[in-house]
Structure formats: structure tokens, C-alpha cells
Amino acid sequence: MLMQRYAEVLSIAAVVCCLAASGARAQSLSTEAERIQLLRAQIRTAEEQHQGAAEAGGLWLRLANRYQDQFDVAEAEDAFARSLHLLRGTGMQTEYADALAGLGSVYLVTGRLSEAKNSLRKSLAIYQTLSDRVHAAQLHNTIALVLLSERRYRESEAESSEALRDLQSLASPDVREVVAAYLTHSYAVCYQGRCTAALDDANRAMAVVQARLPAESLEMAAVRLVRGFDQWRAGSPEEGEHAIREALRIARELKDLPRPALVNAQLGMLRHTQRC
């Protein structure tokens, strides 16, 4: 039972860390299907009219992001790869970096960690050149998640610290990105045995959620899960169990929980848990 709960803690928090920065939102399946079909029609028209690589690459990138929002990993990977091929050498640096980041996220979800790091670091380098701290923060945190999966906790701590520094330098950082960075940093620190310090991160994330997000949200569930995990590892199992039970209650009652992403994250993080 304890291992099962431990796996649930990691899986649901992983969803938040992977999806919070993207601001994934629920859409009706029919609406999303129509938008995807429209983009595919535009791509066909661009190909038939022999339009430039930059325009076609941009359309494939938009389609890839749509598929990623719907958690269609296979279609997203194909569309990101096509976008990268077309955008390479066009001078559209932001779009090219976005496609690299999207492909890196797909690799992370599917467990191809080395490929994920390669794509994400290339994307990060471009955004740093562009002095884009918003995207740099997202990438630092996603790289930290890859390192966390590889059990390279000290490096994960360093990357998530960079994410927090970039976010704190912004006038109005995205709240969900801040929460995600605190959660990743908390895991990295606790896995190194400093679970009291990790609790400080979880408490900071809790303060942000309480001030800016709904009490019955996926982010709140994840924060309570991480805090319970930290409490359990810090030697307070009763407090940890209570926090975990409350977090799972919130998660189970959420109507718009992204189930496909949850399953993918749970499979990947469960494999990681079993190695720990």
C-alpha cells in the first residue's frame, strides 16, 4: 500500500510539472478535432501551392502543439519532427526552439531521456541567446525533470534552481510555472536527504497556490502530495499520510484531470520508483 501511494505521489506531481507550464486546458473533443482537421487542410494547401518552408513549418508546429494538448504523443512527435525539418535554416529561431522543446517533452513522456536532454538543451541555448527568460525557465525545469528521472538529483536541483531564478526575475511570472519549479526542486532536494529543506519548497508552492489558484485544483493536489512525500521521508509518516490522502481526494474529484497524461506519467514514474 505504501509503495502504491508513493507511486501515485510521483505520478500526479509529474503531470503537474510536465503540464503546468504549458497551461493545458480542457477543450471539447469535437472542437479540438475540428481545429486539427483545419490545420491539416492548411498544410495540404501549403504543400500543393509549394509555399515556403517557414510557413509550412509553422503550420506543422501549430499542429504538433494541438496534438500535444490532446496528449496524442505519436502524432505530436511526428508533427514536431516535420516542423523541425522545415524550420531548420529559415531564421525563425523562436519557432525552431519551440519545436525542439516540444519534441524534448515528448521524449521525456515516452522515457527517451538522452534524446529529451539533447533537444531541450538545444532549445534552451536558443532562448538564452534571445534573452527569453520565460521559455528558459520552462526548459530548465523540464531538464530538471529529466535529471530527476535519471536519479541525478544534484544536477536536477541546480537546473530547477535556475528555473526559479529566471521566474523570480520576471515582473509577472506564470503561477503554474512557479509551482512546478518549486515541486521539482523539492523532489531533487528531498532525494538527497535534505527533506526538511524540501518541505520549505513545498510550503512556498502551497502559499502560491493558496493565493492564486483554486483550492480544488490539480496544482493543489500535487503540492499536497509532494508535501506529504517530504513529510514522510523527513520522519513524520502520520502527517505525510494525511497530506497524501487529502491530495488524492482532490485529484480523484477533479473532472478535467488529463487522464492520458496521468497514465503516461504514472507508467514512467512508476518505473523510476521501482528502481529507487
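FYI, it's all coordinate maths here, none of it is from the lab. Computed from a predicted model, the values in this text were never measured in an experiment. Quick reminder, even Gly has a Cβ in these numbers, built from the backbone with ideal geometry, and neighbours come from all protein chains shown.
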Inset, instruction - Pop out the ³J(HN,Hα) list for the range 158-174 in order, Karplus 6.51 cos²θ - 1.76 cosθ + 1.60 with θ = phi - 60°, rounded to Hz; leave Gly and Pro as x. - result: 5, 5, 5, 5, 5, 4, 5, 5, 5, 5, 5, 7, 8, 5, 9, x, 5
Legend entry - Karplus-derived 3J(HN,Hα), 6.51/-1.76/1.60, for each residue of the range 86-94, Hz, glycine and proline x: 6, 7, 4, x, 8, x, 8, 5, 4
Inset, instruction - Rank these for me by crowding, 71, 229, going from fewest to most other beta carbons within 10 Å. - result: 71, 229
Inset, instruction - Would you mind computing, in nm to one decimal, how far apart the modelled labels at residue 239 and residue 200 are, each placed 7 Å from Cα along Cα→Cβ? - result: 1.5
Inset, instruction - Beyond 19 Å, what share of the Cα-Cα pairs of the range 203-259 is found? Please give it as a whole percent. - result: 27
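Treat the count of other C-beta atoms within 10 Å as a stand-in for reagent exposure and order 162, 177 from fewest to most.
Neighbour counts put them in this order, fewest first: 162, 177.
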